Amino acid sequence: MPVPMKLSSTLRAVAAVALFGSQLVLAACGSTSTENDPQIPLAAFSTPINLTNQEYVALRTNNGAAYAKGGVRGLIVVRQNASTYLAFERNCPYRATDTCARVSIDPSRLFLKDACCGSQFDLQGQPQSGPAARPLRQYSTALSGSILTITN
């Protein structure tokens, strides 16, 4: 039995909407990018650091950076000014599961770099060069006196 013309056009419209909707879902779920960028695992932590300790002497000046424990592969803490500090995950967002994907403070102290993939990040965690397209994961900071607490 043939399908009436009105029903046939309705079915075509429903099929078109379903196809469009499925494409939106696929686009939202993942990227077709060739960049291999798995999620960095989440790690629950709360790391207090005493800014008067000698190991954090670099955090006594603006744009100073130092390492701290916490996160997945450690933290980099950057002082923006006397009351504002940024804390970043050392796990590079590009190919995060590679064992060598660990960001370090460049010896010039002007930027952060992952020696594994060659990506460079500014002191605000934004990618500047290399294959990484995403910024470093940033954690929350709270300053109370000379104690800076970093949490996720």
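Just so it is clear, none of the values below were taken in a lab; they were calculated from the coordinates. Everything numeric here is computed off the predicted structure, so don't read it as measured data. Neighbour counts are summed over all protein chains in view; Cβ atoms, including those assigned to glycine, are modelled from backbone coordinates with ideal geometry.
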The answer for the net charge of residues other than Val103 whose Cβ lies under 11 angstrom from its Cβ, with Lys and Arg +1 and Asp and Glu -1, is +2
Once the piece of chain linking Gln39 and Thr84 is laid out straight, how much longer is it, given 0.36 nm per residue of separation minus the C-alpha distance between them? 13.5 nm
Going residue by residue through the stretch 144-152, the Karplus relation 6.51 cos²θ - 1.76 cosθ + 1.60 with θ = phi - 60° gives ³J(HN,Hα) values, rounded to whole Hz and with x marking Gly or Pro, of 9, x, 9, 9, 9, 9, 10, 9, 9
Proximal charge balance of Gly64 [Cβ under 11 Å; K/R count +1, D/E count -1]: +3
Which whole-number percent of Cα pairs in the stretch 46-151 have a distance greater than 17 Å? 46
Would you please give the residues with an amide H less than 5 Å from that of Gly130, counting only those at least 5 places away or on a separate chain, with H modeled from the backbone geometry? Gln120
Sequence-distant residues sharing a close amide H with Gly70 (under 5 Å, placed H): Leu75
So how do 127-138, 90-101 stack up, highest first, on mean other-Cβ count within 10 Å? 90-101, 127-138
Please give me the summed charge of the neighbours of Arg73: other residues whose Cβ is under 15 Å from its Cβ, Lys and Arg +1, Asp and Glu -1. +3
Full extension between Gln138 and Cys116 adds, at 0.36 nm per residue less the Cα distance, a length in nm of 5.9 nm
